[in-house]
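Right, one structure below, let's go through it.
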Amino acid sequence: MELVEAVKTAEEIERITRKLKFNARGNTLYADIWQFGLQVALRISDLLQITMAEAMSGQLKVIEGKTGKTRSIKLNEKARQIVATRKQSHPDATYLFEVDSNRAKGKPVSRVSVAKAFKAVGDEIGINLGTHSMRKTRGWLMHQSGVSIEMICKVLNHSSPAITMFYLGITQDEIDSTYDQFVI
């Protein structure tokens, strides 16, 4: 399994969103998944199981498939906007991110198809982009804005801050820069 990266700037996040919309020729499904995933930081398998009714409530209660842990997630304004837009354009959908084709009607989009769409955009712009990039990006941006490792650990539901530190993928260049930033 190839290691995917966090997207480290707002400009790159927006560029990915535009590419996902453009590559899908007007279908916003993958761009919506990308943007919503950045807001909630769920693993893709949990994200795709969210029903429209759950999303409309504004408060998610998720039992994580990987860990079995329960998470409560309050949807922020951007996430609620995505939900409202999807509800308006797909009023009969069972799942927030549901397949549009008739042969798979009533089923969530597959993890594989999301991974392919993300990888294609990542290849196009030169980043190892995958379904886990949404979680990593949220963690990275929280870290960059000064949120404590412990809080990020809680948000991502990691079992320890050490896992979160590894997960954030802090590079040697970033470590080296601290020696110039903090001269005592």
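The values are calculated or read from the model by the stated rules, or taken from the named source; none is laboratory data. What you are looking at is a predicted structure, and each value in this text was computed from that prediction instead of being measured. Backbone-built Cβ (ideal geometry, glycine too); neighbour counts: all protein chains shown.
Every residue, every condition in (1) at pLDDT 85 or above; (2) under 20 Å from K69 (Cβ atoms), yes or no:
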| site | (1), (2) |
| --- | --- |
| E98 | yes, no |
| N102 | no, no |
| S110 | yes, no |
| I127 | yes, no |
| H143 | yes, no |
| I149 | yes, yes |
| I170 | no, no |
| Q181 | yes, no |
| I184 | yes, no |
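So that you can scan it fast, the table gives a plain yes or no per residue for (1) in contact with a His (Cβ under 9 Å, 6 or more places away or on another chain); (2) farther than 29 Å from E124 by Cβ; (3) of a type in the set (A, V, I, L, M, F, W, C); (4) surrounded by fewer than 17 Cβ atoms within 10 Å (Cβ to Cβ):
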| site | (1), (2), (3), (4) |
| --- | --- |
| E11 | no, no, no, yes |
| Q39 | no, no, no, no |
| L47 | no, no, yes, no |
| A53 | no, yes, yes, yes |
| L75 | no, yes, yes, no |
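Name the single residue that is farthest from E174 (Cα to Cα) among those in segment 132-155 being buried (at least 19 other Cβ atoms within 10 Å of the Cβ) and basic (K, R).
For segment 132-155, the residue satisfying everything is R135.
Just give me the residues in segment 116-154 being farther than 14 Å from T164 by Cα and over 16 Å from the mean Cα position of the chain (by Cα), in sequence order.
Residues satisfying the conditions are A120, D123, E124, I125, G126, S145, G146.
Given the conditions (1) surrounded by 13 or more Cβ atoms within 10 Å (Cβ to Cβ); (2) within 15 Å of the chain's Cα centre (by Cα); (3) aliphatic (A, V, I, L, M); (4) modelled with pLDDT under 95, report the number of the one that A24 does not fulfil.
(2)
Has segment 71-91 got any residue that is under 16 Å from G130 (Cα atoms), out of contact with any Leu (no Cβ under 6 Å at 6 or more places or on another chain) and either without any contact (Cβ under 8 Å) to a residue 60 or more places away in the chain or not in a loop (DSSP other than H, G, I, E, B) (or both)?
Restricting attention to segment 71-91, the residues satisfying the condition of being under 16 Å from G130 (Cα atoms) are none.
The answer is no, given that none of the residues of segment 71-91 is under 16 Å from G130 (Cα atoms), out of contact with any Leu (no Cβ under 6 Å at 6 or more places or on another chain) and either without any contact (Cβ under 8 Å) to a residue 60 or more places away in the chain or not in a loop (DSSP other than H, G, I, E, B) (or both).
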